[in-house]
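Participant: Quick one: this structure, given as structure tokens, is what I'll be asking you about.
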Amino acid sequence: MEGQLSVNHLLGIKYLTNKDLALIFKTAEYFKEIINRPIKKVPTLRDITIANIFFENSTRTKLSFELAEKRLNADVINFSASGSSVKKGESLIDTVNNILAMKVDMVVIRHSSPGVPVFLSNHVNSCIINAGDGTNEHPSQGLLDAFSLQERLGDIKGKKIAIIGDILHSRVALSNIYTLKMLGAEVKICAPLSLIPKHLKTLGVEIDTDLHRTLSWCDAANVLRIQQERIKDNLFPSVREYAAAYGIKLSTLNSLGKKIVLLHPGPINRGVELTSDAADSEHAIILDQVENGVAIRMAIMYLLSSKFKKHEK
């Protein structure tokens, strides 16, 4: 595999170039072929130590990164803020520096505050991968979503992609918008206005509050969950009313007169943003996203590690 990323860290999609995206996707195709072999491991990161530092709860992303690291034969350290010295008042920098003192080469971090990965990249001597910073970005999710769409739709340029749901509290939405716009897609946001950030129009996306009109327009829909743990105000009357207006049913999909692709980053609130029959239908590529997540994260870590290994020489 030839080529090199233009960045030393994965902090957000907005720091990447179109060449970076193409290189990551090409490398992910290679790793996807490997993880579907009987022997799924390669010794690519055998001399690399990676710390997964999660200050927020995670199931899919954490497991996906850990599996990707083990497939690459890296040494892995898992850190969770619950039960750690963070609860005793230890600062972020002290926590990370203590972990780095154990000679860690790469840090995968999730934090509730936007900007933490960028902050760390300026203050610690390690490669930083953003696994989600507050409501800002989730770059590996944006990459795996676009990769999954390319597998299903081919070239994304000119395709119509809808992002539906709780945009206001989502870190997935911004990374998806950046990635899809870079790839030349048309992007429409669909949600109640109370769940749409005011700055979104500056990103060149269309906004619609009508679900059926949006589904009739799009080639694919990425459906985001209502993040009830982040919602502090009454941004819509009730979850039941949200589901009635914006929940996607299989009957709705079948009434469109065309087949659209359905994505969801998980976890799914079944019966709220998606009914079970829609989530489990032939429209959905949700399990493909899970498989592709491992390949994309393998590609990211391989490409970043090759940069600092060359630098060491």
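The values are calculated or read from the model by the stated rules, or taken from the named source; none is laboratory data. It should be emphasised that the depicted structure is a prediction, and the values quoted were computed from it without experimental measurement. Methodologically, a virtual Cβ is constructed for each residue, glycine included, from the backbone with ideal geometry; neighbour enumeration extends over all protein chains shown.
Participant: Quick check on the stretch 27-57: of everything there that is within 17 Å of Val290 (Cα to Cα) and aromatic (Phe, Trp, Tyr), which residue is surrounded by the most Cβ atoms within 10 Å (Cβ to Cβ)?
Facilitator: My answer is Phe31.
Participant: With the structure loaded, tell me whether Ser194 is farther than 19 Å from Trp217 by Cβ, among the small types (Gly, Ala, Ser) and at pLDDT 95 or above or whether it fails that test.
Facilitator: No, not satisfied.
Participant: Given the structure, is Asp20 touching a strand residue (DSSP E or B) at 6+ places or on another chain (Cβ under 7 Å) and modelled with pLDDT of 95 or more?
Facilitator: no
Participant: Against the condition assigned by TED's automatic domain parsing to the domain that holds Ser306, closer than 19 Å to Met106 by Cα and in contact with a strand residue (DSSP E or B) (Cβ under 6 Å, 6 or more places away or on another chain), how does Ile77 come out, does it pass?
Facilitator: Yes: the conditions hold for Ile77.
Per-residue answers, yes or no, for (1) among the hydrophobic types (A, V, I, L, M, F, W, C); (2) over 21 Å from Arg171 (Cα atoms); (3) without any contact (Cβ under 8 Å) to a residue 12 or more places away in the chain:
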| site | (1), (2), (3) |
| --- | --- |
| Glu241 | no, yes, yes |
| Thr252 | no, yes, no |
| Lys258 | no, yes, yes |
| Gly266 | no, no, no |
| Ser276 | no, yes, yes |
| His283 | no, yes, no |
| Glu291 | no, no, no |
| Ala295 | yes, no, no |
| Ser306 | no, yes, no |
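Participant: To continue, here is another question. Is there a residue in the stretch 97-110 that is in contact (Cβ under 8 Å) with a residue 60 or more places away in the chain, under 17 Å from Glu291 (Cβ atoms) and among the charged types (D, E, K, R)?
Facilitator: There is no residue in the stretch 97-110 that is in contact (Cβ under 8 Å) with a residue 60 or more places away in the chain, under 17 Å from Glu291 (Cβ atoms) and among the charged types (D, E, K, R).
Participant: Here's a check for you: in the stretch 183-215, which residue that is assigned to a helix (DSSP H, G or I) and free of Cβ contacts under 8 Å to residues at least 24 places away in the same chain is farthest from the chain's Cα centre (by Cα)?
Facilitator: Residue satisfying both the conditions and the ranking: Arg213.
Participant: Also: Report yes if some residue within the stretch 251-261 is more than 27 Å from Met106 (Cα to Cα), crowded, with 21+ Cβ neighbours inside 10 Å and among the small types (Gly, Ala, Ser); otherwise report no.
Facilitator: no
Participant: Any idea how many residues of the stretch 6-21 are within 17 Å of the chain's Cα centre (by Cα) and either under 16 Å from Val294 (Cα atoms) or part of a helix (DSSP H, G or I) (or both)?
Facilitator: Total meeting the criteria: 6.
Participant: Would a scan of the stretch 270-281 turn up a residue that is out of contact with any helix residue (DSSP H, G or I) (no Cβ under 7 Å at 6 or more places or on another chain) and either outside the structural domain of Ile163 (by TED's automatic domain parsing) or at positive phi (or both)?
Facilitator: No, because not a single residue in the stretch 270-281 is out of contact with any helix residue (DSSP H, G or I) (no Cβ under 7 Å at 6 or more places or on another chain) and either outside the structural domain of Ile163 (by TED's automatic domain parsing) or at positive phi (or both).
Participant: With modelled with pLDDT of 95 or more, over 15 Å from the mean Cα position of the chain (by Cα) and not small (Gly, Ala, Ser) as the only criterion, which of Leu153, Leu180 stands out?
Facilitator: Being modelled with pLDDT of 95 or more, over 15 Å from the mean Cα position of the chain (by Cα) and not small (Gly, Ala, Ser) holds for just one of Leu153, Leu180, which is Leu153.
Participant: Applying the selection to the stretch 110-127, what residues are in a strand (DSSP E or B) and crowded, with 24+ Cβ neighbours inside 10 Å?
Facilitator: If we filter the stretch 110-127 for residues that are in a strand (DSSP E or B), which is where we start, we get 110-111, 127.
Passing the criteria: only Arg110.
Participant: Then there is this: I need the full set of residues from the stretch 55-77 which are among the hydrophobic types (A, V, I, L, M, F, W, C) and within 15 Å of the chain's Cα centre (by Cα), in order please.
Facilitator: In the first step, residues of the stretch 55-77 are kept if they are among the hydrophobic types (A, V, I, L, M, F, W, C); the result is 55, 63, 65, 67-68, 72, 74, 76-77.
Matches in the stretch 55-77: Leu63, Phe65, Ala68.
Participant: Oh, and also: Go through the stretch 40-72 and give me each residue that's closer than 22 Å to Met102 by Cα and assigned to a loop (DSSP other than H, G, I, E, B).
Facilitator: Answer for the stretch 40-72, where residues must be closer than 22 Å to Met102 by Cα and assigned to a loop (DSSP other than H, G, I, E, B): Pro43, Thr44, Leu45, Arg46, Asp47, Ile48, Phe55, Leu72.
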